[in-house]
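This report refers to the structure that appears directly beneath it.
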Amino acid sequence: MKKSDLIESIVYLGAAAIALLLCLFTETKAEGIFRWIAGYGFVFGALRFRRWHYWHKPENRERGQEYAEIEQMEQHDELKEKIRDKSGRSAYMFGLYFVSISAFVLGILDQLEIIRARGIILYLGLYLIVQIAAESLIFKHYMKKY
């Protein structure tokens, strides 16, 4: 396992400690959020640290290097890379359709005065525009790169 895994676990644990201190020594409406961040940070930070520590024990180090090499090969397999690209594109398109349909349905419900959703509709519209613009800009960037 890489040193970045250790750093990531320390960051999780540090964020959890800060959130716990904020939760204990301040009285705000965000106390529930601080508790959630503290719990999440401690659980995932401890799990990441445990994984890093396990693979850095002398008796597991050789097996860990084999595991890392296999993981590296899996990441750079051309077929899997193509499939990841296709699945990412499909998820992106699904997200665009979902946001569009959600904005449409909320617009109808807002017009019928069943719910007040004007802010949500504006947010979803802005999100849709940002997603489309980002996709276009990223595509142009990669076209220049390759």
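Summary table
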read-out	value
E71-Q131 FRET efficiency (beta carbon distance; Förster radius 30 Å; 0.05 resolution)	0.45
Ranking by accessible area, most exposed first, for R61, R50 with a 1.4 Å probe	R50, R61
Area of I101 that stays accessible when all protein chains are in place (1.4 Å probe, Å², to 10)	110
Percent of C-alpha pairs per 5 Å bin, the range 1-83, short to long	3, 15, 16, 15, 13, 12, 11, 8, 5, 3, 0
The range 1-47 - Debye-derived log10 I(q)/I(0), Cα point model, q = 0.15, 0.16 Å⁻¹	-0.38, -0.42
Over 26 Å [Cα-Cα, the chain], rounded percent	62
Diffusion coefficient, µm² s⁻¹, Stokes-Einstein with Kirkwood Rh over alpha-carbon pairs of the range 68-114 at 25 °C and 0.890 mPa s	183
Exposure rank, largest accessible area first [H56, H141; 1.4 Å]	H141, H56
Solvent accessible area, Å² - Y92, 1.4 Å probe, full protein context	40
Carbon and sulfur %, accessible surface of the range 46-98 computed with the full protein complex present, 1.4 Å	59
Average accessible area per residue (Å²) across the chain - probe 1.4 Å, nucleic acids and ligands excluded	83
Residue-span extension gain [I114 to I18] - 0.36 nm each, minus C-alpha spacing	30.4 nm
Nearest-ten-degree value, helix 31-55 long axis tilted from longest Cα axis of the chain	30
Alpha-carbon centroid distance for the pair the range 121-146 / the range 81-113, whole angstrom	14
Filter on K3/K144; K80/K145; K82/K140 - keep pairs with C-alpha separation over 29 Å	K3/K144
Assigned charges on the beta-carbon of Lys, Arg, Asp, Glu; the range 27-106 dipole about Cα centre (debye)	280
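The values are calculated or read from the model by the stated rules, or taken from the named source; none is laboratory data. Just so we're clear, the structure is a prediction, and the values are computed from it rather than from any experiment. All Cβ positions, glycine included, derive from the backbone under ideal geometry; neighbour counts span all protein chains shown. We work out accessible area using only protein heavy atoms, side chains counted, and drop any ligands, DNA or RNA first. Shrake-Rupley method; radii C 1.70, N 1.55, O 1.52, S 1.80 Å.
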